[in-house]
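What follows is one structure encoded as structure tokens, with my remarks underneath.
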Amino acid sequence: MIEGVTLYEILTLTSIIFFVGVYGFVTRKNLLAMLVSVELMLNAMALNFVAINKYLYPEVLDGAVFSIFIIAVAAAETALALAIIINLYRLIRSVKVKDLETMKY
Amino acid sequence: MERLFFYFFGIMMVIFAVMAVSSRNMMRTIIYLLFVMLGMAGIYFLLHFNFLAAVQLSVYAGGVIVLYINSVMLINRIGSPMERPKLWKQLLTGMLSVLGLGAALFAVYQYPFKQANTVVETTTAQLGKQLLSYGEHGFILPFELISMFLLAALVGAIAIAKSGKTVKK
């Protein structure tokens with residue numbers, strides 16, 4: 001645990017970052033910028049797992065292991081999403097959400 | 001001292017996160033995201049999870065950010081700014097986000113967490129042993145699953161990227 005910092009402060013910080021990510025995900029119209037917001041949310045939640053593990057159950061390491069899995073899944077997700085976005089750009093010359101209709105039907 | 005560092009990283013992360021979701025230049029958005037990742041790694045260091053901090057630095061600050069920068073260079077004309085969302089949409093979304101944040105914080109502060117006041121040092125060796133054990137609190141099955149998953153993601157990314165169809169408009 002961090003000297004002089006309670007669990008509530010860490011959870012406040014991660015909640016703020018998560019909702020900043022939600023705000024960005026809703027307001028952005030560019031696929032890449034939306035993906036950046038998703039990264040913000042994922043990172044905040046991974047930090048949550050680690051903080052709760054360290055403060056409440058310091059003798060087991062399950063939260064840290066979960067955090068490693070989250071990081072691995074997030075990296076794979078980013079690589080796949082960027083591959084899809086680049087391919088879409090080659091097809092329709094745009095990364096705006098409103099131009100995407102090819103996967104609709 | 002550690003409290004000071006925590007607040008430094010926290011304020012830095014919040015400021016850069018807000019800038020990342022509101023900047024209109026795609027390249028700057030990615031660089032602000034990089035600073036959020038660095039602050040996150042700093043907090044992992046403060047929590048004495050050195051291995052996680054190193055993973056955060058190498059996977060996110062090293063790998064993911066480079067991927068993002070590469071794809072921005074491939075698909076976006078760097079000079080052109082993104083269009084600004086409508087004001088009513090910004091206000092409505094901001095209000096809803098603050099409302100959601102309030103609800104989440106209310107739930108967090110209501111719950112009486114029983115903090116364990118023992119300081120236990122965790123080493124990377126312990127983490128590795130737990131990842132590979134198949135007894136109580138062992139994670140061998142998800143570990144193997146995640147390696148298969150990463151392989152599948154790699155093959156999938158290659159399969160998506162090499163299909164060379166173009167639509168004539």
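Go through B:107, B:153, B:159, B:103 for me and flag whichever is loosely packed, with under 13 Cβ neighbours inside 10 Å, over 30 Å from residue A:12 (Cα atoms) and among the aliphatic types (A, V, I, L, M).
Numbers: B:107 fails: over 30 Å from residue A:12 (Cα atoms); B:153 fails: loosely packed, with under 13 Cβ neighbours inside 10 Å; B:103 fails: over 30 Å from residue A:12 (Cα atoms).
Answer to the selection: B:159.
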Enumeration of residues in segment B:131-159 that are outside any helix (DSSP H, G or I) and either within 21 Å of residue B:52 (Cβ to Cβ) or of a type in the set (Phe, Trp, Tyr) (or both): B:133, B:134, B:137, B:138, B:139
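What are the residues in segment B:21-40 that are within 10 Å of another protein chain (Cβ to nearest Cβ), in contact with a helix residue (DSSP H, G or I) (Cβ under 9 Å, 6 or more places away or on another chain) and either among the basic types (Lys, Arg) or outside any helix (DSSP H, G or I) (or both), if any? Working first, answer last.
So the first thing to find is which residues in segment B:21-40 are within 10 Å of another protein chain (Cβ to nearest Cβ), and the list is B:21-24, B:26, B:29-30, B:32-33, B:36-37, B:39-40.
Narrowing further to those that are in contact with a helix residue (DSSP H, G or I) (Cβ under 9 Å, 6 or more places away or on another chain): B:21-23, B:26, B:29-30, B:32-33, B:36-37, B:39-40.
Scanning segment B:21-40 gives a single hit, B:23.
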Index of the failed condition, residue B:18 passing every other in (1) over 16 Å from residue A:24 (Cβ atoms); (2) at the interface with chain A (Cβ under 7 Å from one of its Cβ atoms); (3) β-branched (Val, Ile, Thr); (4) without any contact (Cβ under 8 Å) to a residue 12 or more places away in the chain: (1)
Which numbered condition residue A:35 fails, given (1) within 22 Å of residue B:109 (Cα to Cα); (2) modelled with pLDDT of 90 or more; (3) more than 7 Å from chain B (Cβ to nearest Cβ): (1)
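So is residue A:74 at pLDDT 85 or above, closer than 16 Å to residue B:153 by Cα, in contact with a helix residue (DSSP H, G or I) (Cβ under 8 Å, 6 or more places away or on another chain) and not in a loop (DSSP other than H, G, I, E, B) or not? Break it down into steps so the answer makes sense when it comes.
Values: at pLDDT 85 or above: yes; closer than 16 Å to residue B:153 by Cα: yes; in contact with a helix residue (DSSP H, G or I) (Cβ under 8 Å, 6 or more places away or on another chain): yes; not in a loop (DSSP other than H, G, I, E, B): yes.
Judged against the criteria, residue A:74 is a match.
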Selection count where residues are surrounded by 12 or more Cβ atoms within 10 Å (Cβ to Cβ) and either closer than 30 Å to residue A:20 by Cα or of a type outside the set (Ser, Thr, Tyr) (or both), scope segment B:116-127: 4
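To keep it simple, each residue is scored yes or no on (1) touching a helix residue (DSSP H, G or I) at 6+ places or on another chain (Cβ under 8 Å); (2) aromatic (Phe, Trp, Tyr).
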{"residue": "B:93", "(1), (2)": "yes, no"}
{"residue": "B:106", "(1), (2)": "no, yes"}
{"residue": "B:110", "(1), (2)": "no, no"}
{"residue": "B:118", "(1), (2)": "no, no"}
{"residue": "B:121", "(1), (2)": "no, no"}
{"residue": "B:131", "(1), (2)": "yes, no"}
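The values are calculated or read from the model by the stated rules, or taken from the named source; none is laboratory data. Everything quoted here is computed from the prediction, not taken from an experiment. Note that we place each Cβ from the backbone using ideal geometry, even for glycine, and neighbour counts take in every protein chain shown.
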